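Read the structure below first, then the notes.
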Amino acid sequence: MVPGYAGRLLHIDLTKNIVKKIRLKKSFIKEYIGGKGFGARLMYDMVPPRIDPLSPVNPLIFLTGPVTATGAPASARDVVVTKSPKTGTFLDSNSGGYWGCWLKIAGYDGLIITGRASKLSYIYINDGSVELRDASGYAGYGVYATTKGLIKEVGDNNAKVAAIGPAGENLVKLAGIVNDLHHVHARGGPGAVMGSKNLKAIVISADHRNPKFDLADRDGFNKYNLKIIREVVRGPPEEWARTDGTPIIVRWSNDVGVLPTRNFQVGVFEYVDNIDAEVMRSFRTSKGACYRCSIACRNLTRLKDDKWGEIELDGPEYETIAMGGSNTGVGDFKAIIAWNNLVDDLGMDTISLGNVTALAMEAYEKGYIDKNITNGLELGFGNIDAQMELARMIAYRKGIGDILAEGAREFVMWLGGDAYKMALETKGLEYPAYDPRGSVGMALAYATSDRGACHLRAWPIAEEAFGDMDPFTPEGKAELVINMQDLNAVKWSMIFCDFLDADYEMIANYFNYVTGLNYSADTMRLIGERINNLIRLFNVREGFSRKDDYIPYRIAHEKMPRGPNKGFSVKPEIFNKMLDDYYELRGWNRDGVPKKGKLRRLGLYKDFFKTNIHSM
Ligand code: SF4
């Protein structure tokens, strides 16, 4: 077996209650590394074209990578892979915490779940043994009560739990899978897939002092790891994470005019002083970390308040502060903590939920909906009580919550007329918290992201508004986005968290110490490209093409009304120039389909034919 891997995947068929162990092949490891890469190959090969994502045949796959649980910085990760019920695309959604590390320590590189249990169930992995157990007593429970209850039930205080809340059980398309209480596989609706399988939770007991995997060169790994901790983790590249973590971005975004405010109508927020990192520090009790992560970017906060009671939270992160704060017009950090705490318990994605909440607020203020439709809620911007209640209505699909549970695109289609102008989404996934009118590369990053609008596939704003590149020109943006997407595909396969400032050389070094293979930075780059092209083939097979790589009306046609980007929009000619450049550099045709020559170079030639037969 290749070191760095437990050497096997677990396949659980919930319909038949059958468990199989599958040996990992060396060729698979060499071509796809782990995590997202494994997921891309498995999904392409296992999933018949055009299936319903909520049908039993759609697999829900949890994967780790070669560095997971090794003690490398930012390596406490796992990824869930499935066909998204939100977008119909390939979906990978990763998370930190402890749960993924426990899966690998218990002796599994991944978990493939298919079928549907006959009643609400949970999976219990206890080192060697795997059981499907009754969870019907947890029906309707929030994530916190489920997690605490199951830890007690299995009798292991150190067990780790990944669970869905009521949103997942109710097949809400914004539902995530929450592990270790506040770490969420959030985007794209994986919680709804888990709910469709009648699976409430996966509980793992494992002895972390006795992991079921080894490293090829432990001494070499330790020396290299120490060097990276000294030079990178303790050095300037990670200073922002060590000090304030992602809340620091609130101020950066507002300063450059990209902080989404009142459903992306503006890019600056008049109450930014109430929600920035300085305010967060007044609620912070300590810094926190995922399993053995030396970066420790997390902020553990505590709120004690007459209105909200006592809350202890791991967060909130930048995306939550922006999407549930400035974007809904809420300039109150206590309220954001309370909303974050509620949404984690209901088991939803704060990005998509903040986006659809702001959209509903704009629709209310502009008269598309009224109190008759909102069950009496006064849904104007800044009304946190209405925002909290709407989160519950969405999680339980009550009233207007039922259509909002489908997402922004479906809501504006339901409203009809020109309501589509208010929706901020691509491929059905709601925009995250960077307005591209202050960094045009973000428009391309969102449009070409494999799972719909996402800032974690490429984050060109780092070089544009936050860096030295002209943020308004389309020149050079295609190359920038492609380089970031390919590098991130490799990071999500190892799996490193976004916050490790790693290049291909660092990633190859870690990979070689862990596995004993001898990969160069160029080999890693090629693997990143291979993974992204294979996923594009998956999406093409599902019917996606250039028509789906779009930007929302507001970003293209409504000029920013004030702030540093006043008067600017990402006009169609700017966007189309970036997209044309992108396809050409990728080696894809003008419709966004990978060409034969490109696929031959990446070892995906046979997949070209399979894709084109099915997409005809
Ligand atoms: S950098 Fe932060 S989010 Fe990433 S693994 Fe470390 S503590 Fe977790």
Exercise. Give the shape of segment 199-251 as rounded, prolate or oblate, defined through the alpha-carbon gyration tensor: a ≥ b ≥ c are the square roots of its eigenvalues, a/c under 1.5 means rounded, and otherwise the shape is prolate if a/b is larger than b/c and oblate if not.
Key: oblate
Practice problem: Note the count of lysine pairs whose C-alpha atoms are less than 26 angstrom apart in segment 496-616, limited to pairs 8 or more residues apart or on different chains. | Solution: 20
Exercise. Over segment 430-615, average the accessible area per residue using a 1.4 Å probe and give it in Å², no decimals.
Key: 35 Å²
Quiz item: When the label point is put 7 Å from the Cα of Lys606 along its Cα-to-beta-carbon vector, which residues of segment 27-63 have a backbone N closer than 19 Å?
Solution: 27-33, 38-49
Exercise. Give the whole-number value, in cubic angstrom per residue, of the convex hull volume spanned by the C-alpha atoms of segment 430-615.
Key: 120 Å³
Quiz item: Going by average Cβ neighbours within 10 Å, how do the peptides 293-300, 115-122, 424-431, 365-372 rank, with the highest at the top?
Solution: 424-431, 293-300, 115-122, 365-372
Self-check item: DSSP beta bridges in segment 8-205 [antiparallel fraction, %, rounded to 5]
Solution: 75 percent
Quiz prompt | Separation between Cα centres of segment 25-87 and segment 149-205, rounded to whole Å | solution = 17 Å
Quiz item: About its Cα centre, what dipole magnitude does the chain give when the only charges are +1 on Lys and Arg Cβ and -1 on Asp and Glu Cβ, stated in debye to the nearest 20?
Solution: 2160 debye
Quiz prompt | Net charge contributed by nearby residues that have their C-beta within less than 12 Å of Ile369 (K/R +1, D/E -1) | solution = -2
Quiz item: If you find the alpha carbon centre of segment 526-588 and of segment 499-521, how far apart are they in angstrom?
Solution: 30 Å
Quiz item: If packing is taken as the mean number of other Cβ atoms within 10 Å per residue, what is the order of 148-155, 414-421, highest first?
Solution: 148-155, 414-421
Quiz item: Where in the chain are the DSSP H helices whose C-alpha atoms run 27 Å or more along the long axis and whose mean Kyte hydropathy is at least -1.0?
Solution: 521-541
Quiz prompt | Length-normalised contact order of segment 481-602 in % [C-alpha pairs under 8 Å, at least 6 apart] | solution = 22 percent
Quiz prompt | Relative contact order for the chain, counting Cα pairs under 8 Å that sit 6 or more residues apart, in percent | solution = 16 percent
Quiz item: In the chain, what percentage of the DSSP-assigned beta bridges are antiparallel, given to the nearest 5?
Solution: 80 percent
Quiz item: Tell me, what is the percent relative contact order of segment 49-161, built from C-alpha pairs under 8 Å that lie six or more residues apart?
Solution: 21 percent
Practice problem: Calculate the translational D of segment 361-406 in whole µm² s⁻¹ from Stokes-Einstein, where the hydrodynamic radius comes from the Kirkwood formula applied to all Cα pairs, the temperature is 10 °C and the viscosity 1.306 mPa s. | Solution: 153 µm²/s
Quiz prompt | Rg over Rh, two decimals, segment 103-226 (C-alpha only, Kirkwood Rh) | solution = 1.04
Practice problem: Kindly identify segment 385-480 as rounded, prolate or oblate by the Cα gyration tensor criterion: order the square roots of the eigenvalues as a ≥ b ≥ c, call it rounded if a/c is under 1.5, otherwise compare a/b with b/c, prolate if a/b is larger, else oblate. | Solution: prolate
Quiz prompt | Exposure ranking of Phe213, Phe264 by accessible area [1.4 Å probe, largest first] | solution = Phe213, Phe264
Quiz item: Quick one: Debye curve from the C-alpha atoms of segment 35-88, no solvent, what's log10 I(q)/I(0) at q = 0.26, 0.28, 0.30 Å⁻¹?
Solution: -0.98, -1.08, -1.18
Self-check item: Burial order of peptide ranges 304-314, 27-37 (average beta-carbon count within 10 Å, highest first)
Solution: 27-37, 304-314
Self-check item: Shape of segment 8-205, Cα gyration tensor, a/c cut at 1.5
Solution: rounded
Exercise. Determine the dipole magnitude for segment 242-413: charges of +1 sit on the beta-carbon of Lys and Arg, -1 on that of Asp and Glu, nothing else is charged, the reference point is the Cα centre, and the result goes in debye to the nearest 20.
Key: 400 debye
Quiz prompt | Per residue accessible area of segment 8-205, 1.4 Å probe, in Å² | solution = 27 Å²
Exercise. Report the equivalent ellipsoid semi-axes for the chain in whole Å, largest first, defined as the square roots of five times the eigenvalues of the gyration tensor built from alpha carbon atoms.
Key: 33, 29, 25
Quiz prompt | Inter-label distance for Glu278 and Asp134, nm, one decimal - labels placed 7 Å from Cα along Cα-to-Cβ | solution = 5.7 nm
Self-check item: Alpha-carbon Rg/Rh ratio, for segment 1-71, with Rh computed the Kirkwood way
Solution: 0.99
Self-check item: Fully extended contour minus Cα-Cα distance, from Lys30 to Arg562, at 0.36 nm per residue
Solution: 186.4 nm
Self-check item: Heavy-atom accessible surface of the chain: percent carbon and sulfur, 1.4 Å
Solution: 48 percent
Exercise. Please express the shape of segment 526-616 as an equivalent ellipsoid: the semi-axes are the square roots of 5 times the eigenvalues of the C-alpha gyration tensor, given largest first in whole angstrom.
Key: 32, 14, 10
Exercise. With unit charges on the beta carbon (Lys/Arg positive, Asp/Glu negative), name the residue among Thr328, Ala363, Cys297 whose Cα is farthest towards the positive pole of the charge dipole of segment 242-413.
Key: Cys297
Practice problem: Among Gly7, Gly88, Met442, pick out the residue whose Cα is farthest towards the positive end of the charge dipole of the chain, where Lys and Arg carry +1 and Asp and Glu carry -1 on C-beta, about the Cα centre. | Solution: Gly7
Practice problem: Over segment 242-413, give the accessible area per residue in Å² for a 1.4 Å probe, as an integer. | Solution: 34 Å²
Self-check item: Two-decimal Rg to Rh for segment 242-413 - Kirkwood Rh, Cα set
Solution: 0.98
Quiz item: Along each of its three principal axes, how wide is the spread of alpha-carbon positions in segment 207-334, in whole angstrom units, largest first?
Solution: 53, 35, 23
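The values are calculated or read from the model by the stated rules, or taken from the named source; none is laboratory data. Everything quoted here is computed from the prediction, not taken from an experiment. A quick note on method: Cβ atoms are made from the backbone with ideal geometry, for glycine too, and the neighbour counts reach across all protein chains shown. Note: accessible area is taken over every heavy atom of the protein model, side chains too, but ligands, DNA and RNA are not part of it. Shrake-Rupley method; radii C 1.70, N 1.55, O 1.52, S 1.80 Å.
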